[in-house]
Amino acid sequence: MTVRADQIKELRERTGAGFLDCKKALEEAGGDMERAIQILREKGKAQAAKKAGRIAAEGVVEAYIHAGGRIGVLVEVNCETDFVAKTEIFRQFAREIAMQIAAFKPRYVRREDVPAEVIERERAIYLEQAKNEGKPENIAARIAEGKLENFFKEVVLLEQPYIRDANRTVKDLLEETIAKTGEKVDIRRFVRYELGEGIERETKDFAQEVMSQLGREG
């Protein structure tokens, strides 16, 4: 089928994918925008899987300081070549990740990074809570596992909802970037500092503040 230019433009704006990729996805989806988005995401996942075994030792250490100097983030994002490391697509991805970390306070990059003792401690807490509510053992176990999944979505960077689009995860954004650059891209490590962290103080919604700044930056 023939797809319209305005459809391609909308898909590019929603996914950041290239013109030809958007055109092909829309044609394959028969003009269905949501299906085309899913096709592009599947393509990103497939490319990410193919490149998983490659070595990514180039990249950038991106810094982000929240307005007023109250939050600081350093994140190392890797790719395969110095050429890709200098591209706008890669640099923008690194900045998005730094802002994500500032706003949503992840503790780990990926689920595999979460220590086993932390997982077991959380599971035990959720299980005990469910039992205290009078739930049978088998139901309490299922409830605990469900809450553990939500815990991962909160503390694991790749599983968090993307700051600009809650319908996508950071992992989705990573896979889209891999598809765009044609190289393995990896978020290796990060550190986040918050002014007065560990000192009892008034709680602030930094996620909302960073979102507001994103709006000002366009």
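The values are calculated or read from the model by the stated rules, or taken from the named source; none is laboratory data. Remember, predicted model here, so these are calculated numbers, not experimental data. Counting neighbours? That spans all protein chains shown, and the Cβs are built from the backbone with ideal geometry, glycine included. These area figures cover heavy atoms from the full protein model, side chains too; ligands, DNA and RNA do not enter into them. Shrake-Rupley method; radii C 1.70, N 1.55, O 1.52, S 1.80 Å.
For Gly182, the stated conditions hold: it is under 30 Å from Glu58 (Cα atoms), small (Gly, Ala, Ser) and in contact with a Lys or Arg (Cβ under 9 Å, 6 or more places away or on another chain). For residues that are among the aromatic types (Phe, Trp, Tyr) and at pLDDT 95 or above, scanning just region 59-118, find the one that is most open to solvent (accessible area, probe 1.4 Å). The selected residue is Phe104. So which residues in region 130-162 are among the hydrophobic types (A, V, I, L, M, F, W, C), out of contact with any Ser or Thr (no Cβ under 9 Å at 6 or more places or on another chain) and closer than 22 Å to Leu74 by Cα? The answer is Phe152, Val155, Val156, Leu157.
Scanning region 149-178 for residues that are part of a helix (DSSP H, G or I) and either surrounded by fewer than 16 Cβ atoms within 10 Å (Cβ to Cβ) or charged (D, E, K, R) (or both) yields Glu149, Asn150, Lys153, Glu154, Glu159, Lys171, Asp172, Glu175, Glu176. Scanning region 90-97 turns up no residue that is over 17 Å from Ala207 (Cβ atoms), more than 21 Å from the chain's Cα centre (by Cα), part of a helix (DSSP H, G or I) and in contact (Cβ under 8 Å) with a residue 12 or more places away in the chain. Filter region 119-135 for residues that are under 11 Å from Phe152 (Cβ atoms) and either open to solvent by 70 Å² or more (accessible area, probe 1.4 Å) or aromatic (Phe, Trp, Tyr) (or both) and give the result. Answer for region 119-135, where residues must be under 11 Å from Phe152 (Cβ atoms) and either open to solvent by 70 Å² or more (accessible area, probe 1.4 Å) or aromatic (Phe, Trp, Tyr) (or both): there is none. Just so you know, in region 179-206 the residues that are aromatic (Phe, Trp, Tyr) and either farther than 28 Å from Phe83 by Cβ or open to solvent by less than 40 Å² (accessible area, probe 1.4 Å) (or both) include one that is modelled with the lowest pLDDT, and it is Phe206. Of all residues in region 1-38, those satisfying the criterion of being free of Cβ contacts under 8 Å to residues at least 40 places away in the same chain, of a type in the set (Gly, Ala, Ser) and not in a helix (DSSP H, G or I) are Ala29, Gly30, Gly31.
Among the residues here, Ala124 qualifies as free of Cβ contacts under 8 Å to residues at least 24 places away in the same chain, part of a helix (DSSP H, G or I) and of a type in the set (Gly, Ala, Ser).
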